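See below for the structure under consideration.
The values are calculated or read from the model by the stated rules, or taken from the named source; none is laboratory data. Please read all numbers here as calculations on a predicted model, not as lab measurements. For neighbour counting, all protein chains shown are included, and Cβ atoms are generated from backbone atoms with ideal geometry for every residue, glycine included.
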Amino acid sequence: KQWPSSKDEL
Amino acid sequence: MNIFRLCGDMSHLAAIIILLLKMWKTRSVAGISGKSQILFATVFTARYLDLFTSFISIYNTCMKVFFIGTVYFTIYLIYMKFKATYDSNHDSFRVEFLIVPVGGLAFLVNHEFAPLEIIWTFSIYLESVAILPQLFMISKTGEAETITSHYLFALGSYRALYLCNWIYRYYAEGFFDLIAVVAGVVQTILYCDFFYLYITKVMKGKKISLPA
């Protein structure tokens with residue numbers, strides 16, 4: 001499963 | 001947002017403020033690696049390209065603007081305003097040995113072969129090794145000012161706290177990003193030697209002086 005990438009982090 | 005990530009961001013913020021205070025108060029950039037700051041500027045520029053295209057929160061946007069603004073201001077202080085105090089002889093790490101492999105790896109190992117994703121992956125990998133010129137410079141000069149040690153402790157703690165954030169997010173939200181986690185582990189491991197020196201020396205009021 002493609003995990004959502006951590007784009008909401010700094 | 002969770003407490004670990006918030007503490008991590010605050011630790012990162014503290015590191016940048018400590019660095020700016022050290023430079024502004026002492027009007028000197030002695031012992032600071034300009035190359036590491038250039039790598040950090042590259043990391044933030046590459047990672048925050050979505051600053052104007054995707055809005056996540058006021059907090060997220062403000063922090064990104066602050067990080068980008070301060071890192072370029074730091075570079076201005078090192079290479080222009082306090083250039084006379086910049087120790088370029090000891091800041092001799094070959095950053096091309098970092099950028100080329102990291103750039104290649106970002107092309108080979110990423111979540112999606114798309115420009116923004118590859119650039120984001122490049123910024124994640126680069127950040128994990130961006131401190132090397134600074135640690136290298138300290139090993140060459142054989143010592144670090146106490147304020148610089150505090151800067152490095154806060155900077156190292158930020159990604160260590162992010163590791164806790166990812167553990168929390170995995171159990172609380174089922175969220176997991178292998179690339180960010182692996183790079184974060186590498187980044188934190190690079191500080192371990194320094195953490196040991198900081199805790200055994202700086203906490204007892206001594207200065208860090210590596211065996212030259």
Exercise. Please specify each residue of region B:172-204 satisfying the condition of being within 14 Å of chain A (Cβ to nearest Cβ), surrounded by fewer than 19 Cβ atoms within 10 Å (Cβ to Cβ) and not hydrophobic (A, V, I, L, M, F, W, C).
Key: B:E173, B:G174
Exercise. Would you check which residues across region B:47-62 are surrounded by fewer than 17 Cβ atoms within 10 Å (Cβ to Cβ) and touching a helix residue (DSSP H, G or I) at 6+ places or on another chain (Cβ under 6 Å) and list them?
Key: B:L51
Quiz item: Of the residues that make up region B:145-152, is at least one more than 26 Å from B:I99 (Cβ to Cβ), away from chain A (no Cβ under 14 Å), touching a residue at least 24 places away in the same chain (Cβ under 8 Å) and of a type in the set (A, V, I, L, M)?
Solution: yes
Practice problem: Answer yes or no: is there a residue in region B:5-16 that is modelled with pLDDT of 95 or more and not in a helix (DSSP H, G or I). | Solution: no
Exercise. Output the residues belonging to region B:163-212 that are within 25 Å of B:L98 (Cα to Cα), in a helix (DSSP H, G or I) and among the small types (G, A, S).
Key: B:A180, B:A183, B:G184
Quiz item: Taking region B:53-91, which residues are within 14 Å of chain A (Cβ to nearest Cβ) and either part of a loop (DSSP other than H, G, I, E, B) or in contact (Cβ under 8 Å) with a residue 60 or more places away in the chain (or both)?
Solution: B:T53, B:S54, B:F55, B:I56, B:S57
